[in-house]
């Protein structure tokens with residue numbers, strides 16, 4: 001089986017009218033050769049052609065592969081193919097890891113094709129079941145099978161005291177399980193908790209949508225107030241601009257300007273563009289953070305962007321009636337030249 005696309009492999013198999021067992025043997029050989037992920041979806045695509053007989057035969061072939069013991073060569077004959085954190089990497093060890101990965105992924109795919117949730121779960125170690133992404137895969141399968149109580153146990157198998165490693169997919173799956181269990185109030189409380197933690201606007205929209213009339217307005221005000229006091233000014237700014245709550249976003253920028261980090265270009269630059277029209281001072285503050293970071297850290301690749309930001313700040317200056325505690329544009333430029341005047345590669349870009 002030489003085709004490098006799973007769908008094409010399935011078409012070829014069907015056209016050739018291969019028997020399920022022959023097709024299973026071809027599939028097994030292809031999986032062993034799956035060095036670059038070209039056959040990752042092969043079992044899923046071939047499942048209709050394999051049928052129950054072919055899937056059972058493929059499972060037996062994969063199990064046999066897992067039981068094959070590879071005799072390690074003598075220490076002096078082992079081939080070093082690289083180096084890792086723990087020392088040398090040997091060819092036989094890498095081959096064994098590849099085979100173990102092939103077996104696990106194949107048995108997972110066969111389990112899914114056979115609708116066997118327990119067989120899928122059996123491929124996950126106890127440690128792996130505590131990883132959010134794995135907990136999601138297990139819980140989603142249990143939920144689809146109508147085994148909601150088991151799905152609840154599976155989705156809660158992770159360490160929730162480490163919020164930084166919890167993806168939104170885990171939160172969404174936990175919410176789906178709560179809804180399936182009929183625990184709507186708990187689901188609503190969890191949506192708010194997720195929003196407080198991540199400032200994800202989708203969680204807030206979902207939360208507000210389920211509130212009675214008029215209560216949603218009060219809750220939205222509470223959410224914005226929470227964002228304004230969030231420990232991360234960058235997360236808060238991203239949320240307020242996306243929501244949108246532009247007046248509050250401008251207030252955040254002005255009151256917490258000292259916390260802005262110009263390395264967060266993907267947040268600060270779009271926010272500045274959105275705030276340009278009605279909040280020129282806030283837009284200027286954001287661009288100054290980007291300019292200062294580029295020059296202070298000698299980020300030469302950002303000099304062209306920084307030069308453009310200076311032009312944008314100059315265009316906004318006449319619209320700012322009161323700079324408050326911030327320097328007026330001409331004073332800011334004088335200080336910038338005093339500090340970074342020798343960076344000719346930057347100043348040559350400034351119009």
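The values are calculated or read from the model by the stated rules, or taken from the named source; none is laboratory data. The structure presented is a predicted model; accordingly, all values stated were derived computationally and were not measured. Glycine also receives a Cβ, built like all others from the backbone with ideal geometry; neighbour counts cover every protein chain displayed.
Data for the structure
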| item | result |
| --- | --- |
| Conditions (1) in contact with a helix residue (DSSP H, G or I) (Cβ under 7 Å, 6 or more places away or on another chain); (2) touching a residue at least 40 places away in the same chain (Cβ under 8 Å); (3) farther than 19 Å from residue 230 by Cβ; number of the one not met by residue 302 | (2) |
| Residues that are touching a residue at least 12 places away in the same chain (Cβ under 8 Å) and in a helix (DSSP H, G or I), drawn from the range 145-170 | 148, 149, 151, 152, 154, 155, 163, 165, 168, 169, 170 |
| Residue satisfying condition, being crowded, with 23+ Cβ neighbours inside 10 Å, under 28 Å from the mean Cα position of the chain (by Cα), within 17 Å of residue 317 (Cα to Cα) and at pLDDT 95 or above, within set 275, 268 | 275 |
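Yes/no per residue for (1) farther than 25 Å from residue 103 by Cα; (2) modelled with pLDDT under 95:
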site: 118; (1), (2): no, no
site: 123; (1), (2): no, yes
site: 130; (1), (2): no, yes
site: 147; (1), (2): yes, no
site: 154; (1), (2): no, no
site: 179; (1), (2): yes, no
site: 191; (1), (2): yes, no
